[in-house]
Each structure stands twice: as C-alpha cells, then as structure tokens.
1. Within 10 Å, count the other beta carbons around each residue, average over each peptide in B:102-112, A:226-236, and list them highest first.
2. Take the alpha-carbon centre of the range A:261-285, take the same for the range B:98-125, and report the distance between them in whole Å.
3. For the range B:113-249, give the magnitude of the charge dipole about the Cα centre (Cβ charges: +1 Lys/Arg, -1 Asp/Glu; no others), in debye to the nearest 20.
4. Give me the percent of DSSP beta bridges within the range B:113-249 that run antiparallel, rounded to the nearest 5.
5. Would you give the gap between the C-alpha center of the range B:204-260 and the C-alpha center of the range B:131-150, rounded to a whole Å?
6. Calculate the mean, over all residues of peptide B:181-193, of how many other protein chain Cβ atoms lie within 10 angstrom of the residue's Cβ.
7. Which shape class, rounded, prolate or oblate, goes with the range B:8-101 when its Cα gyration tensor gives a ≥ b ≥ c as root eigenvalues, a/c under 1.5 marks rounded, and past that a/b bigger than b/c marks prolate?
8. About the Cα centre of the protein assembly as shown, how large is the charge dipole given +1 on each Lys and Arg Cβ and -1 on each Asp and Glu Cβ? Please answer in debye to the nearest 20.
Amino acid sequence: MSVEFCGLELEHPIINGSGTFDAIAARRAFGDELIERFPFAAFVSKTVTLEPRQGNPPPRLWELAGGLINSIGLPNKGLAGYLEHDLPELAELPVPLIVNVMGFSRDEVAALVGAFAEREEVSALELNVSCPNVETGLMMGADPGEVGRLLERVRPLTAKPLIVKLTPNATDVPSVARAAQDAGADAVSLINTLRGMAIDPRSRTGEPWLGGTTGGVSGPAVRAVALAQVHDVAQAVEIPVVGMGGVQRGVEALDLMHAGATLVAVGTESFRDPAAGGRVANELVELLANSAV
Amino acid sequence: MSAPFGCRAATVTARESHGAYVVIRCQDPTGPRPRPGQFYMLRTAERWGGGDGERPFLPRAFSVLRAHDHELHFLIEDVGPGTNRLCELEPGEELLLVGPLGNGFLAPREDRRPLLVGGGVGIAPLAIWQDELGPDPLAFLGFRDALHAHGAALLANPVVATDDGSVGHHGLVTDLLQNELEEVEVYACGPPQMLEAVRELCADRGVPAQLALESGMACGFGACFGCVVPTTDGYVRLCLDGPVLDASILRTAAPAGAGH
C-alpha cells in the first residue's frame, strides 16, 4: 500500500519520529536484520545543529504512567560531523532519508538547509522549531510571525520538501501551521513532546529529577492531545500533515489518519520494541485494506 | 553476534527464591548465546503498560545471570513497579525481551588473574562470567544483610561481607580487597557507591578494572540517548558502549541519577 508524500513514493504511511530511533546504533545492536526488516517507510534522523552538542547532564529520563519525560538536549555531532560520519551510513538505508535540523537563529537554520540542499542522499528536510530564536527571544515554533519569517528565509534555498515540526507548547498551533504553509512549507509534522517535569523523590527540598530541569512528555499519555492537535491543524491547512503522539498500534495510527494525517510517525513505542514501527505498519495496512471494501 | 531485531516472547520455566532475590528462568530458543556481561531488556507480556495507562511502561535492563542451552536466568530484586511485576512471573507466562545487548566483559590482560567483586543484585553478570572463566576466581560479594546474602550461593568461591555483619565480614566489600590486588584484573558490578569505591581503590593501586554500570534506559539499543554516563571522552551511551566500561575512562562510577 504505497503512499505519496511531498513527491516521495513511500511503501506505507509509517515513519519514525525524529530522535526516537538511531538507525546507526540499531544496526550495531541488531546487524543486517535491521536493514532487511526496516520498520519505517522513510527515516527521519535525529536533530542536527550547526555546532556539536553534548546534550543535557543525566539523569535524562523519567518514567510516567503511560509514557516518559525525556531531557536529552539534542546531542549530535554538528553539521560537519553529521556530513562526514552519519550521512554516508544513513544513505545506505533502504528508505528515503529526511534530515531534521535546528538552528538558534534564522541564519543558522539557513546554513543547515543550504548545506543539505545539494545532498542527493537527502530526500526532505524537517525543521525543528521547538527552540528559542536567540535574536528575538521568541520560541520560533510558538509564534506564527517567527515561523513565517523563518520559512521566507529558507524556502528559496532548496527545492527539497520542507516539513515544519510543530511544537504543541503554543497558544494557537493551527495559526503557526498556516503561517508555515503560507510561507512555502510543504508539510507540517506534529506533535513534538509536551513540556513536563518531575521532582527527585529522594530530595527533601524538591529538586528537579532531570538534569535539564524540564523535559518533553511522550508516549500513550499524550495520544489524546496529539489527536486533537492533528485534527485542528489538518482543518487549518491544505498541505499534508505527519501525525504522531503515543501511537502503539495500527488502530491508533488510523485514528490520526482519520483526524487528517497523511503519514503517521511512531516514536516512544520503538523504545519498548525496536520493531514496533513495522508491526504498526502491518496492522494499519490491514485495517486500511478492510475499510476500503 | 547481533541481537535478533525486535522483542520476542520467552516462556518462563522457573521461578526460584534466594532470600531477598528471585531468579526467573525462561526459554529463549531462537536467541544467540549471550556473552558474559551482556544484558537484556525485559518486560512482561501482560500488565506492563501498553495502553492501559499504568507503570511500568518501559522495559527494564537486566544483566544476564546465567545461560544454559537457550535457558536464560535473570536475577531480580523487587524494588519498584517493574521489578515487582517481574518477580510475580509464574511458569507458563511470557516475558518479552530484546537482546542480548551491549558489550560484555573482556578477558583479563596478560599475566593477570580475574577477581570478581559484586554488590547486591549486581552480582548477576559475575555469575555468567565465572561460568565462562571457570570456578577458580574468588568472588568478593557485599550485601545489606543475611536475607540478601543468600544471593552469594549463586556464585562459586564467594567471600561475603554484609553491612550489618550478620554474614561474613562486617563492613564493606572493598575492605576485603585490600590484600588481594596483586596481579589481578577486577570485574565489578554493584551499587554506584560500591563501584566508585572499587574504582578509586583500583586506580590508587594501579589495578585494571572492568566495571558493569547501571543506568535508567528507555530502549537499550541506542535510540533514546537517556542512559549516558560521563567519561573522559564525553558522554557515552551505556547501552551501546557499555554496560561494561574500563575504569580508566571514568572519573566517577557513581554519576548523578545512578542507582535509581
């Protein structure tokens, strides 16, 4: 059951959420069986920034009822390290590669988009806008004007599809999505994690548990929020929507498609079962085949 | 040898009580033989998240205690919602596992004898390592009290210390090591404070040590970046580059959040 997305022909509608699957690490752990049974129809790589980042100090995880909070802090090798070490390995995957990038200013995002524009290994770019613009102090993805100005800056730099990863931590997510569309985005993806926090149970003074103080909530705990936001955004835009948030089964992927998603990403469930994406895809394809009669 | 991709069901074959501990045995007919020091991510097939909104939700990482003819043994202490659920497993129930994952212990450097040092439930990887090395190496094992010290029977040649003095030496396992460090390589696993004491002692005496660390893990295969520990080379993912780390790359074996 192939699906068309921004000019890409995908085998099925299930991809991964950025930062929830490291295909290079997984190949070390599982060998070539990972390639033979690759669970996603396209692979979205972990956020790349211009400079290398160590990430947040541990602890980085907190388990919740039906999910977890992570405070990873976007560790990555930086643009140069990614191009040298990661891109050649990711280019060997049997599916199209979508590179997720984040910058702390429009210039930084432009440098990243420009660098990937010429790389034929890269099928599309996803812009992570869940960070502050250090020049304006505004959360890029929380403000329609910020997102519009960002897209106006980077849209002329590449003909590749640009997907804007929307943050749910915004007052009016559909307006942000519309601003992205009006400034030339090819698709939007949502939801990113919801901001959350945990207190160290061993601390008498109530210190935060996470090394980064706050983190992002994901997993089935956010599924209902994701469904509502995907629904609202899909009503507001004409461009395709990638829906994600707490999907564990095919029927939950189908729910997001009913809410307006063209593709669905599996994230946290891959932590419980590395092959979860493939299982969800099989379940979804079967559900779609049955409902098509 | 790579781990099979994806989680698989392993039928529980036995549940044994060892004082404060439970040993769960399960059949893993299709999995490869684990190397000593490797680990598995475990959860139960029933009543473990999966949409009904309760903890536990994530699988838990356990070093393999023993492996014989496709039967895997795991040592578990009931300390929270995940271990509580695992300790309830009955023969015939299914365990979902991913693994074996991680690196495992390396053979001792030339002209050095292996010396095993364990604390509490951290004795687990030393048992399979002793199975491979043969029963000669002494195992210095520290426990809280007599109930926990039952675990010592899982290893050969145990020398026991307890916090309350109810069994063996009254004090820390590191007290027992002081006179045993000539021409040895130390293999240690246990609570962070014990590992850090072993690391410091070995560093002072110029003794090489391989430490099996623990860290909260969401996935076990490098996806979540949650299990990092600081090393001289920056943060490393314990699931990929560990759980066994050479002590020489650690400034501390008890980083923030360890042992929770």
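Each reported figure results from applying straightforward, stated rules to the coordinates on display, with no laboratory input. Since the structure is predicted, the reported quantities are computational estimates derived from the model, not experimental observations. Don't worry about glycine lacking a Cβ; one is built from the backbone with ideal geometry, like all the others, and counts go over all protein chains shown.
1. A:226-236, B:102-112
2. About 35 Å separates the Cα centre of the range A:261-285 from the one of the range B:98-125.
3. Details: 5 positive and 18 negative charges, 61 e Å.
Computed charge dipole of the range B:113-249: roughly 300 debye.
4. About 25 percent, rounded to the nearest 5.
5. Cα centroid to Cα centroid, the span is 23 Å.
6. 0
7. Prolate, since a/c reaches 1.5 and a/b exceeds b/c.
8. It comes to approximately 600 debye.
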